[in-house]
1. Calculate one ³J(HN,Hα) per residue across the range 11-23 by plugging θ = phi - 60° into the Karplus curve 6.51 cos²θ - 1.76 cosθ + 1.60, and present them in order as whole Hz with x for glycine and proline.
2. For semi-axes √(5λ) of the Cα gyration tensor in Å, which listed value, [x] 19, 15, 12; [y] 37, 17, 12; [z] 25, 14, 10, comes from the coordinates shown?
3. With the chain treated as a Gaussian network of Cα nodes joined by springs under 10 Å, which of Thr76, Thr46, Thr19 yields the largest mean-square fluctuation?
4. Counting only protein heavy atoms and a 1.4 Å probe, tell me what percentage of the chain's accessible area is made up of carbon and sulfur.
5. Output ³J(HN,Hα) for the range 68-85: one whole-Hz value per residue in order, computed from phi by the Karplus curve 6.51 cos²θ - 1.76 cosθ + 1.60 with θ = phi - 60°, and x for Gly and Pro.
6. When only Cα pairs under 8 Å and 6 or more residues apart are kept, what is the percent relative contact order across the chain?
7. Residues with amide H under 5 Å of Val43's amide H, sequence separation 5 or more or different chain, H placed in the peptide plane at 1.01 Å from N; which?
8. Could you do me a favour and compute the accessible area per residue for the chain, 1.4 Å probe, result in Å²?
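The values are calculated or read from the model by the stated rules, or taken from the named source; none is laboratory data. All of these numbers come straight from a predicted model, not from anything done at the bench. With ligands, DNA and RNA removed, areas are computed over all heavy atoms of the protein, side chains included. Shrake-Rupley method; radii C 1.70, N 1.55, O 1.52, S 1.80 Å.
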Amino acid sequence: MASTGAGERQPMIIEANGTFDVPAAERVVRQLLEAGPDREVRVDLTQVRDFHDMGVAVLARALGGRRHVAVRGLRTHQLRLLRYLGIETDDRSLVM
């Protein structure tokens, strides 16, 4: 998992790969918290090969009160799960 973004004006990029389980989701949540509430953040999950529902639930909890975040790489099941948990999504990604 990596994050980039040199300045506050540039969006912070958070990447995850492999398995997105609870520990991976917690790492993403920590980076979201470090970014602060007003910084634009992009979470790239396109390289994740295996999503665990509990990891998605941890991510959903962190996204619930957040603005300025886009998540890429979610599949139909994960998008449906986020909607069930009260997070608005479109057909291919999550943009808040």
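1. Coupling constants for the range 11-23: x, 7, 9, 10, 10, 9, 8, x, 9, 9, 10, 4, x Hz.
2. Here semi-axes √(5λ) of the Cα gyration tensor in Å agrees with entry [x].
3. Highest fluctuation among the options: Thr76.
4. Of the solvent-accessible surface of the chain, carbon and sulfur hold 48 percent.
5. Residue by residue, the range 68-85 yields 6, 9, 10, 10, 10, x, 6, 9, 3, 4, 5, 5, 5, 4, 4, 4, 4, 8 Hz.
6. Normalised by residue count, the contact order of the chain is 26 percent.
7. Close amide H contacts, sequence-distant or interchain: Ile14, Ala70, Val71, Arg72.
8. Per-residue value: 60 Å².
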